[in-house]
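The values are calculated or read from the model by the stated rules, or taken from the named source; none is laboratory data. Note that this is a predicted model, so its numbers are computed, not measured. Neighbour counts run over all protein chains shown; Cβ positions are idealised from the backbone, glycine included.
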Amino acid sequence: MLKVERLTKTYKAAGGPLTVLRDVTFELQPGASVAIVGPSGSGKTTLLGLCAGLDRPTSGNVILAGESIGAMNEDERALVRNRHIGFVFQNFQLVPTLTALENVTVPIELRGDSGRAVTGRGRELLERVGLGERGDHYPVQLSGGEQQRVALARAFMNEPKILFCDEPTGNLDGDTATAMVKLILDLNHEKKTTLVLVTHDLELAKKCRRIIRLRSGLVVSDEMI
Amino acid sequence: MSFILKMAWRDSRASRRRLALVSISVVLGIAALVGIASLGDNLKRAVDDQTKSLLGSDLTVTSSKPFPEATMAHFKTLGGELAREVSLASQISFPTRGNTRWRGQVRALEGNFPFYGELVTSPAGAMAKLGAGNNAIVEDTLLAQFGVQIGDEVKIGKSTFRVIGALKKIPGEPAAVAMLAPRVYVSMASLEATDLLKGDRFARYRVHFKLPVTTEVEALAKTLGEKLKNQRLRFETVEERKKQLGDALKDVFSFMSLVGFVALFLGAVGVASAMHVYVRQKILTVATLRCLGVRARTAFAIYLTQGCAIGVLGAALGTAAGLSVQALLPKVLKDFLPFEVDFFISWAAVAKGAAAGLVICVLFTLLPLLAVRRVSPLLAIRSAQGQGDNREDPVRLALFFVIAAAVLGFAVLQTGHWLPGLAFTLAMAVSFGILGGVAQLVVLASKHLLPRKPLSYVWRQGLANLHRPNNRTLLLLLSLGLATFLMLTLLLTRSTLLGKIESVAGGSRPNLMFFDIQDDEILRFDAIVSANGAPVIAQAPIITMQIASLKGRAVDAMLKDGHAGIPAWTLTREYRSTYRAALVDTERVTAGKFIGRVTPGEARVPISMEESLAKDLQLAVGDEVTFNVQGVPLTAYVASLRAVEWQRVSPNFFVVFPEGVLEPAPKTFVAAVRVASMADSGRVQQAVVKELPSVSSIDLTLIMQTIDNIFSKVAFVVSFLALFTIVTGVIVLVGAILTGRLQRIRETVLLRTLGATQRQLRQILLVEYTVLGVLSAVTGGALSIAATVLVAKYRFNTTAVIPPLVLLGAVAASVAVTLITGLVTNRGVANTPPLEILREET
């Protein structure tokens, strides 16, 4: 499902080139779940960005759902994201001017689909995350946990083959975080989605079947649990 | 509905009011363009509809001498109908009103002129009764000014007439003419009975033709011109009048459109400034959408749709407002239009005005929107701004060229010429360049030059706001500076024009002029005015003459064979020249040497010619000119060229002869005196008229009043147009500060959370807005001084008048408006609990 080959990312910085990721290689099968852990500045988020096609690698390649995204231009990668990928961000990143339901249905509407079937599916997903009654509410009218659940419903709207979560519980309190993690894993299991989870929370990481540890841009361990 | 439209609509939810407010910035600019364009079409239609009444005839022939019998006989063979008219300037006085005097234009008519259009009098049909005795029809405004009633007497020359009607309107002559030279109609027979046409008095003789419909008028005018070229006649046809009028109207409308365009341009800058802030606030949304698979061009299209919606809303509101403006404009311009204008909506003009507004608005909106194309989806997971694409955007550069080309295209289309269009565009570009440069300097200075340590926190924070990321220094300086520049330029130009008029009769300059003093009356005249306490300040003999040949080439031959760019009127006109020994204080020699006296009988007489006339006649120092002085040829050469201040009230002349040549020629005199008051003026005039009844006079204080009246009307038109720019400037200012408020709201809230008092927050704002307000006002002020100096020198040929008080007042007002608007619009932020604001603005 995801093949990462000798991935390197270097940024131009004031003091000279700064390599934040070096020669990272790994492969994920469909339905797998992996946690990428490491301290701040280890390159976790950069790796997630490259895997999801949000940025171009300096060298190396990413093959996602059989498509090599390294050579693609920005628009082609946008299409890949829309077809195959779901996102859950630490800061939820809901569009503030859209209602919860509209936020959820954006990925499908983007394909040109709309109408009752799409709305129905959006409501269904909101029910699934426990917000069936809150579809018409705007993000400011929802708590942090609720916003993250809307984000999760949105992530599953396009039935992604792979779900990227960037510190999904980073802005949530303990109980809400636990409930959120359960939801992510349940949905992952239910929909048979490949899961890539970036976190510095080892307890959360242990809920995945594989953990890749990063330090200073290098993979220091890659273990199955 | 497509995804783009749907998202554009949904995304605008929280900002619709704000976006609508943004669109108001361009409403007035578009309103001005639409209103002016549509009225332009109204006038064009009016000119076409009322073509014949613009002249009142098919053909009018004018001469400075009575038409010879043979010529009149020839005219009568042309078929159709003809009417004769004689007009001359003369003193008009009203015995029933204490002999109040005014210099007017006396006209006598014989025939049924006007053949087209209507000469409107009150009571109607008064013209028909003109011949039944010594009757006169007098300009309505003149009757009203002196409180003269129908039935009262009016004295013209030595004859007394009875006022039988008020003249309301003459086809083809604007009302403004009446203010300068009020018209009085009498019958031909009664005019001939006065002594006005005797002696050397200047009069115009006209024959108006109503020709059979089959006559080719243009061809006839040409044939007559050829046949009668020795008589130096002027031929006016309807086509020619229409062209002159069309050209004049085009000039007026070009000017008005450019003023309207400045308002639009300023509004568009306001839109760009607001959209810049708006787009910055949308970056995370764009990044998130990009993560969800939205392509760069789709994201761009979403916000472009919103930008276009602003333009369309602005254009729609602007068009509606423009139609109201169109309805108002004829009232504003009524004294300057020679005909009635029917109000109708010219949809083609409306569409053109609205389209121009929409294009400019959208082009300016594109500038900040281009950034949306380059928002990286990575920003959704990384908050660092530095991850953005910092490469120079070639599309942005191209867009600047497109905007410049659009502005140039508009200006050239409006003015009809490349040069003024280019000058307008360059002026705008230079203003932007200077304001942008000052903004950069402010940013650099606040960053590197200001001493931080001795300053209090409030000062440091306020000054740091000028250079920190997301600062609005450039945007505020551009919009505030440009608004100040435009407003102040209009104010200073007004002062300059007023100053020019003031200089005409201020100080110890003459303010009462006497004309037509005969040769044998001049000594008595001097004695009368001196005895009445108003000694002569300037006096000059006037001898009428025409040019017979230039550099050895006969004028008649030149008129026949072509005169290589020399305007015909300079060859055919009658020159009222003088002679004197020295220069006067309204003139100076620019080339050659002024010779004040020659020995009588000199073969070639050295003359001094006014420089612009010499240029028209293509003469240089040393060139020969032969004059026909009332039948006697006189050979002269150009000994010197003079620059003359024509606007100064003094006897000024195109051609000045030396003493010793023209003394024996028949001549009249003109004299200028200064009187202390209106009462003195009346007393001196009456004393002169009592003894010398043929002498006429002009009281310049009255003329000043008239000019002031006309100028007030012009100033009203200019102010009306300036209002669009000024109000747009204020809207842009409020918009800029409001968007600034939203931009700064989070940090204000943070400061409040950290314990900053309202007073401290206000002081921080005060520091920032004072610096920006003062710098914008000063830069705008400096630009306006430069613009006024250039406009004064090259457009009005005068010196700029920059009253320090006006300048200071405008700068202070600009700073005050900035501060008040800044503090008022930010007031809510400091008064509301932080949490409430955070929730509202999320």
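Quick notes on this structure:
- Where helices (runs of 4 or more DSSP H) sit wholly within the range B:520-586, those with at least 1 residues that are charged (D, E, K, R) occupy B:522-531, B:555-561.
- Filter pass, residue B:619 being modelled with pLDDT of 90 or more and either crowded, with 16+ Cβ neighbours inside 10 Å or closer than 14 Å to residue B:656 by Cα (or both): yes
- The residue list A:181, A:220, A:140 contains one member that is of a type outside the set (S, T, N, Q) and within 14 Å of chain B (Cβ to nearest Cβ), which is A:140.
- Selection over the range B:202-216 of residues that are in contact with a strand residue (DSSP E or B) (Cβ under 6 Å, 6 or more places away or on another chain) and surrounded by fewer than 18 Cβ atoms within 10 Å (Cβ to Cβ) gives a count of 1.
- Verdict on residue B:505 being small (Gly, Ala, Ser), crowded, with 18+ Cβ neighbours inside 10 Å and at pLDDT below 90: yes
- Residue A:116 at the interface with chain B (Cβ under 9 Å from one of its Cβ atoms) and not small (Gly, Ala, Ser): no
- Filtered by the rule that a residue be touching a Phe, Trp or Tyr at 6+ places or on another chain (Cβ under 8 Å) and under 14 Å from residue A:69 (Cβ atoms), the range A:4-18 gives a lone residue, A:4.
- Number of positions in the range A:62-104 that are more than 7 Å from chain B (Cβ to nearest Cβ) and within 30 Å of residue A:4 (Cα to Cα): 25
- If you go through the range B:133-172 and pick out every residue that is under 30 Å from residue B:245 (Cα atoms) and of a type in the set (Lys, Arg), you end up with 2.
- Here the condition is being modelled with pLDDT of 85 or more, touching a Phe, Trp or Tyr at 6+ places or on another chain (Cβ under 8 Å) and either more than 26 Å from residue B:136 (Cα to Cα) or among the small types (Gly, Ala, Ser) (or both); of B:89, B:83, B:46, it holds for B:83 alone.
- Any hit, the range B:277-291, residues being touching a strand residue (DSSP E or B) at 6+ places or on another chain (Cβ under 7 Å), closer than 25 Å to residue A:88 by Cα and either within 9 Å of chain A (Cβ to nearest Cβ) or not in a loop (DSSP other than H, G, I, E, B) (or both): yes
- Some residue of the range B:139-156 being within 27 Å of residue B:330 (Cα to Cα) and either modelled with pLDDT of 85 or more or among the charged types (D, E, K, R) (or both): yes
- Single match in B:97, B:84 (criterion: surrounded by fewer than 19 Cβ atoms within 10 Å (Cβ to Cβ) and closer than 28 Å to residue B:684 by Cβ): B:97
- The helices (runs of 4 or more DSSP H) found entirely in the range A:135-225 that carry 1 or more residues being acidic (Asp, Glu) and within 28 Å of residue A:109 (Cβ to Cβ) are A:144-157, A:174-191.
- In the condition set (1) assigned to a loop (DSSP other than H, G, I, E, B); (2) surrounded by 15 or more Cβ atoms within 10 Å (Cβ to Cβ), residue B:642 is compliant with all but (1).
Results for (1) buried (at least 20 other Cβ atoms within 10 Å of the Cβ); (2) at pLDDT below 90, shown as yes or no for each residue.
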residue: A:91; (1), (2): no, yes
residue: A:112; (1), (2): no, yes
residue: A:120; (1), (2): no, no
residue: A:144; (1), (2): no, yes
residue: A:158; (1), (2): yes, yes
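- Any pair with Cβ under 6 angstrom, 6 or more apart, that starts in the range B:659-687 at a residue that is at pLDDT below 85 and ends at one that is among the aromatic types (Phe, Trp, Tyr) and surrounded by 19 or more Cβ atoms within 10 Å (Cβ to Cβ): none
- Matching entry among B:297, B:280, B:290 (being of a type in the set (D, E, K, R), in contact (Cβ under 8 Å) with a residue 60 or more places away in the chain and closer than 30 Å to residue B:431 by Cα): B:280
- Residue list for the range B:1-60, restricted to those being in contact with a Ser or Thr (Cβ under 9 Å, 6 or more places away or on another chain), away from chain A (no Cβ under 13 Å) and charged (D, E, K, R): B:41, B:44, B:45, B:58
- For the condition touching an Asp or Glu at 6+ places or on another chain (Cβ under 7 Å) and either of a type in the set (Ser, Thr, Tyr) or farther than 30 Å from residue A:75 by Cβ (or both), residue B:237 qualifies.
- Filtered residues of the range B:110-164 (kept if part of a helix (DSSP H, G or I) and closer than 13 Å to residue B:184 by Cα): B:126, B:127, B:140, B:141, B:142, B:143
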